[in-house]
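What follows is one structure encoded as structure tokens, with my remarks underneath.
The values are calculated or read from the model by the stated rules, or taken from the named source; none is laboratory data. The model shown is predicted, which means the values in this text are computed figures rather than measured ones. No Cβ is skipped: glycine too gets one built from the backbone with ideal geometry, and neighbour counts run over all protein chains shown.
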């Protein structure tokens, strides 16, 4: 029985209360440890999401467990997630990781299953939806790598009602041609002052899009509608506002340097009281960043009066309200943003300092505002049926830090038990929360792959469906066909056709690519 | 709350299979099966699949693990006889790989050509930190041209940054660097730890 005792924590995933359809989880958690070494039974994996986390996990898995068959589900007809829809168009070098993804996809053991949403109803009418429960029946392992598709909100007056208040996530999606936000059509013509709330790299991307010469963007794969709107923009002055100081800010030095180097754009000096007096004693990364901010402050180059556009990092301000100039300040067009000044405790130089309110307010005129205070993952609707725990506070799937989906349960003896769900893993932002650059997502995805490899090699760790042969997408597809659902599924060859068509469109307009911004257009390109 | 019936049954079933498993475990790595898989692999290797996937994915024995990456990269020409420069990589498992290379090759291309575990997510364009290497000898480090701002900006984001860290894509082999030894940093699992701690 020693075996049982050891495995028990992993079994506790079967909670006391069953979902209504008792038979389904029963089949989901067939607990036979897989142990037959038969070539006909390769590890069958479903990856949900085709961004860098999904691809890097797949890459490592396929490289380390030979014969692994991976089906990658993507709700859009096109792959690459935030590499396509998040990375700024003027950072094409960051998108070079797609070459690696292409290589992964060229394996005969890899299937791209595009235009298929898992668990959540497809956000476009042409998309197919398959239930998560269906995947449970046809794979040994499922990797959740669907990222963070929502954003955190400020929860202040005017945020939802006023014209001119946008989510940075939607704005980024819009200029990158994400179908969901293709109709955002932000109005940049109401005045010359813009406010970006948040000081991460997304906030700096938004600022750069507003400040950069449109002719530079013209050569990129930025969405055509964004070029039109940005070329008519009246924005001349961008405030990038944060609750805390430079020592606590989330942006990285490369993004700041890029903004500092933009031609005909100047930087307003920051409050040097927020910088430690002795920069030399700081560790390397914050030292270089603080030195740049200090230098930007005393730069002899161009002052804001000499350039047509300018920007600033405004520290120690917490947003309180968006207001219009009409009598009911929460209706109509945004005119100003009110902030409360904060003070940093225990010290402005402590990287973990808290922002405390001071009661003093400041109002910045603003004709357009972007909230950029972080992305947020959400659980798939079926998680509650299957009892997959979602940490709402951190916005992640509860996991053991290596990517094994975990649950906590108070058992009869009131003892808290932890355990992993057999065969369930997560990677990327839905595992870690929405932070980090591609390099960190890559390492993190590799860690998830390592966990799966370790579990598979242990020979005792249960996976989904035990010894039963899994048919992967074939099995899921037969269930879809039985339902009579006839939506188009895009395979890798299909994506290549869309890719070619976009490049061809780009060639005609002298650009690297002209993205389709509607799923209908993408599907039409399949021929 | 009592243990639900289904869970009890599952536990019983699991107990049976655990016992069953312990009996069969010795057969799972039988030599004949392994050699069969190997033969199959070798045959496929000889066929040279036309895809970019250079090592064929044989239908390998279940739960078998390969020790090396199945992907190969890097475009470097072998050095001309008599013109070899040597560089040694110490990988994440502390194994050393001494390689003969040509002048001008960069460390990322060299590592990938020799199937060492080094990513170059941005394709060697100095826009990420995935080809981070740690030069083992200060004197060698000093012989290299200093990193520029772009490289330093990326190094700032690298895990396990040291005083002699460089990006592999930016270090080109020269005569002065003959005998260079670099270590590939072993990544920590916890990547949420801020690099920003004093």
The residue from A:291, A:258 that alone is under 27 Å from residue A:509 (Cα atoms) and within 14 Å of another protein chain (Cβ to nearest Cβ) is A:258
Residue pairs qualifying under the 9 Å Cβ cut-off, at least six apart or on distinct chains, with the first in region A:419-437 being under 15 Å from residue A:377 (Cβ atoms) and the second being modelled with pLDDT under 90 and part of a strand (DSSP E or B), are A:434/A:151
Reported set for region A:456-487 where residues are within 27 Å of the chain's Cα centre (by Cα) and buried (at least 22 other Cβ atoms within 10 Å of the Cβ) is A:473, A:476
Picked from region A:99-130 (must be more than 22 Å from the chain's Cα centre (by Cα) and in a loop (DSSP other than H, G, I, E, B)), the residue surrounded by the most Cβ atoms within 10 Å (Cβ to Cβ) is A:107
Please verify whether region A:138-150 includes one or more residues that are assigned to a helix (DSSP H, G or I), closer than 30 Å to residue A:470 by Cβ and touching a helix residue (DSSP H, G or I) at 6+ places or on another chain (Cβ under 7 Å).
yes
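Report whether or not residue A:403 is at positive phi and within 14 Å of another protein chain (Cβ to nearest Cβ).
Values: at positive phi: yes; within 14 Å of another protein chain (Cβ to nearest Cβ): yes.
Answer is yes for this residue.
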Picked from region B:164-186 (must be surrounded by fewer than 18 Cβ atoms within 10 Å (Cβ to Cβ) and more than 22 Å from residue B:125 (Cα to Cα)), the residue nearest to the other protein chains (Cβ to nearest Cβ) is B:186
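Table: residues versus (1) free of Cβ contacts under 8 Å to residues at least 60 places away in the same chain; (2) buried (at least 18 other Cβ atoms within 10 Å of the Cβ); (3) touching a helix residue (DSSP H, G or I) at 6+ places or on another chain (Cβ under 6 Å); (4) within 14 Å of chain B (Cβ to nearest Cβ).
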| residue | (1), (2), (3), (4) |
| --- | --- |
| A:203 | no, yes, no, no |
| A:221 | no, yes, no, no |
| A:224 | no, no, no, no |
| A:228 | yes, no, no, no |
| A:254 | yes, yes, yes, yes |
Discussion item. Would you confirm, using the coordinates I've provided, whether residue A:82 is within 18 Å of the chain's Cα centre (by Cα) and either crowded, with 18+ Cβ neighbours inside 10 Å or within 30 Å of residue A:366 (Cβ to Cβ) (or both)?
Written reply: yes
Over region A:237-248, the set of residues crowded, with 24+ Cβ neighbours inside 10 Å and closer than 26 Å to residue A:213 by Cα is A:238, A:240, A:241, A:242
The residue that is farthest from residue B:91 (Cα to Cα), considering only those in region B:140-163 that are more than 14 Å from chain A (Cβ to nearest Cβ) and buried (at least 17 other Cβ atoms within 10 Å of the Cβ), is B:144
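Provide a single number: the residues in region A:183-213 that are part of a helix (DSSP H, G or I) and under 23 Å from the mean Cα position of the chain (by Cα). Working first, answer last.
Our first condition is that a residue be part of a helix (DSSP H, G or I); within region A:183-213, this holds for A:201-211.
Adding the requirement that they be under 23 Å from the mean Cα position of the chain (by Cα) leaves A:201-210.
Adding up the residues that qualify gives 10.
Quick one: count up the residues across region A:450-473 that are assigned to a helix (DSSP H, G or I) and in contact with a strand residue (DSSP E or B) (Cβ under 9 Å, 6 or more places away or on another chain). Full working, then the answer.
Kept after step one, since they are assigned to a helix (DSSP H, G or I), are these residues of region A:450-473: A:450-458, A:473.
With the extra rule that they be in contact with a strand residue (DSSP E or B) (Cβ under 9 Å, 6 or more places away or on another chain), the set shrinks to A:451-452, A:455-456, A:473.
Qualifying residue count for the region: 5.
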For residue A:83, the lone unmet condition from (1) in a helix (DSSP H, G or I); (2) more than 7 Å from chain B (Cβ to nearest Cβ); (3) at pLDDT below 95 is (3)
For residue A:166, indicate whether it is touching a helix residue (DSSP H, G or I) at 6+ places or on another chain (Cβ under 9 Å), buried (at least 19 other Cβ atoms within 10 Å of the Cβ), modelled with pLDDT of 95 or more and in a loop (DSSP other than H, G, I, E, B).
-> no
Residue hits (region B:113-133; more than 9 Å from chain A (Cβ to nearest Cβ) and touching a helix residue (DSSP H, G or I) at 6+ places or on another chain (Cβ under 9 Å)) are B:116, B:117, B:118, B:131, B:133
Okay, helices (runs of 4 or more DSSP H) sitting entirely in region A:214-328 with 2 or more residues that are in contact with a strand residue (DSSP E or B) (Cβ under 8 Å, 6 or more places away or on another chain) and over 22 Å from residue A:190 (Cα atoms), I get A:253-261, A:284-298
Filtering region A:434-452 for residues that are facing chain B (nearest Cβ under 7 Å) and touching a helix residue (DSSP H, G or I) at 6+ places or on another chain (Cβ under 7 Å) leaves a count of 3
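With more than 8 Å from chain B (Cβ to nearest Cβ) and modelled with pLDDT under 95 as the only criterion, which of A:34, A:53, A:5, A:63 stands out?
Working: A:34 fails: more than 8 Å from chain B (Cβ to nearest Cβ); A:53 fails: modelled with pLDDT under 95; A:63 fails: more than 8 Å from chain B (Cβ to nearest Cβ).
The conditions single out A:5.
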Conditions (1) assigned to a loop (DSSP other than H, G, I, E, B); (2) more than 10 Å from chain A (Cβ to nearest Cβ); (3) closer than 26 Å to residue A:95 by Cβ; (4) at pLDDT 90 or above -> residue B:75 fails only (4)
* Asked: If you check residue A:490 against the conditions, is it buried (at least 23 other Cβ atoms within 10 Å of the Cβ), touching a strand residue (DSSP E or B) at 6+ places or on another chain (Cβ under 7 Å) and farther than 30 Å from residue A:198 by Cα?
  -> yes
